[in-house]
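Throughout, read-outs are computed from the coordinates displayed, never taken from laboratory work. Being a predicted model, the structure only gives us computed values, none of them experimental. Cβ atoms come from the backbone with ideal geometry, glycine included; neighbour counts cover every protein chain shown.
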């Protein structure tokens, strides 16, 4: 069966003009190569509506009203972790009508809300936010030369298991790090391999693997400061600054005495600020590269060897780009008044 041909508005008006000039409906139909009934309907439409344009064809009626659309969007914004089935149930409870899950998703998308995994951040209280803000204001004007004197250090734990959490939230685009879109979680979970490393502009230390036991101030001095940090400081010069976080071994008295005895300056660091510590990105990079090894590590020994291999081949531009981002990190921290930043 041939597909029905629809006349464009220009030909519809031309047919009306022909008939007003005295042409018969049959002659107009022949000129347009359509049936006489088509021309007859055009005449009737023109007589009653003063128009021959195609009437809008109504589609299927919407399953929700504008008020219900706003209800769904507000519910998703107030309860960021709510699911589509829960919203379907809430709508039924309020209206007594059932709608499809696809309808709910479409309404939320129209409102600019999409299901995304929340950013996982460490908890921050008011005092910690103020300290972060003060630190950012103090360092926002630092030059590249000043940042080049800093050795950024940190520890990280790697395990054979990855985080398989699949919690989703409803959020607008480009709002990943807004406070109501984050999930706060403490960082250290489970066992595995604990490593330490440091980076500076133009270079990095070797990767150190802690073998068994708890890292104490004594181990931090003997395994990190003496063999790694002190020689690195001598290479950088008198302007050297050590950046390490406020972990208990880092702030032990034996560590403080060692730094003072050897004239090593330490940067004051705001508590709970992994997003300001750029080396955190290298830990993510290291984990992804090791996971991509073929074959992947199947034991802790293979994991250790993979970590050492990937770190030794770390491209210098990768770490340099992170160090050059410190000014922007400080500006963003000031902008959010010491809150979480998108790093």
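At 0.36 nm per residue, minus the direct Cα-Cα distance, what do residue 305 and residue 246 gain on full extension? Give it in nm, one decimal, please. Mind showing how you got there, number by number?
Working: separation 59, 0.36 × 59 = 21.24 nm, distance 2.86 nm.
Working it through step by step, the gained length comes to 18.4 nm.
Dimensions of region 288-343 along principal axes (Cα, Å, largest first)?
That gives 44, 23, 15 Å along the principal axes, largest extent first.
With a 10 Å radius around each residue's Cβ, average the other Cβ atoms per peptide and rank 143-154, 37-48, highest first.
Numbers: 143-154: 17.6, 37-48: 14.8.
Most protected by this proxy first, the peptides run 143-154, 37-48.
For the chain, what does the helix formula give at 222 nm: sum of -39500 (n - 2.57) over DSSP H segments with n ≥ 4, over the residue count, nearest 500 deg cm²/dmol?
Values: 15 runs with 151 residues, N = 343.
Using -39500 (n - 2.57) per qualifying helix, the result is -13000 deg cm²/dmol.
Ranking 7, 218 by Cβ neighbours within 10 Å, fewest first, what do you get? Show your work: numbers first, answer last.
On the way: 7 18, 218 12.
Exposure proxy ranking, most exposed first: 218, 7.
Out of these labelled values of P(r) over Cα pairs in 10 Å bins from 0, in percent, (i) 6, 24, 27, 19, 12, 7, 4, 1, 0; (ii) 5, 20, 25, 21, 16, 9, 3, 0; (iii) 5, 17, 20, 16, 11, 9, 7, 7, 6, 3, 1, 0, which was calculated from the coordinates shown here?
(iii)
For the residue pair residue 180 and residue 27, what label-to-label distance in nm results when each label sits 7 Å from Cα along the Cα-to-beta-carbon direction?
7.1 nm
What distance in nm separates the two pseudo spin-label positions at residue 141 and residue 11, each 7 Å out from Cα along the beta-carbon direction?
7.5 nm
Taking the chain as a Gaussian network, Cα atoms linked when under 10 Å apart, which of 319, 299, 35 shows the biggest mean-square fluctuation?
Of 319, 299, 35, the most mobile in the Gaussian network model is 35.
Based on the Cα atoms of region 79-176, what semi-axes does the equivalent ellipsoid have, where each is the square root of 5 times one gyration tensor eigenvalue, given in whole Å with the largest first? Let's see the in-between values first.
Details: eigenvalues 360, 68, 36 Å².
Calculated on Cα positions only, the semi-axes equal 42, 18, 13 Å.
Once you keep just the Cα pairs under 8 angstrom separated by 6 or more residues, what percentage relative contact order results for the chain? Numbers along the way, then the final one.
Working: 402 pairs, mean separation 65.3, N = 343.
Result for the chain is 19 percent.
Taking R0 as 25 Å, what's the FRET efficiency between residue 63 and residue 117 from their Cβ-Cβ distance, rounded to 0.05? Show your work: numbers first, answer last.
Details: r = 28 Å, r/R0 = 1.14.
So the FRET efficiency works out to roughly 0.30.
What whole-number value in cubic angstrom gives the convex hull volume per residue for the C-alpha atoms of region 1-153?
On the way: hull volume 55.4 nm³, N = 153.
Cα-based convex hull of region 1-153, divided per residue, equals 362 Å³.
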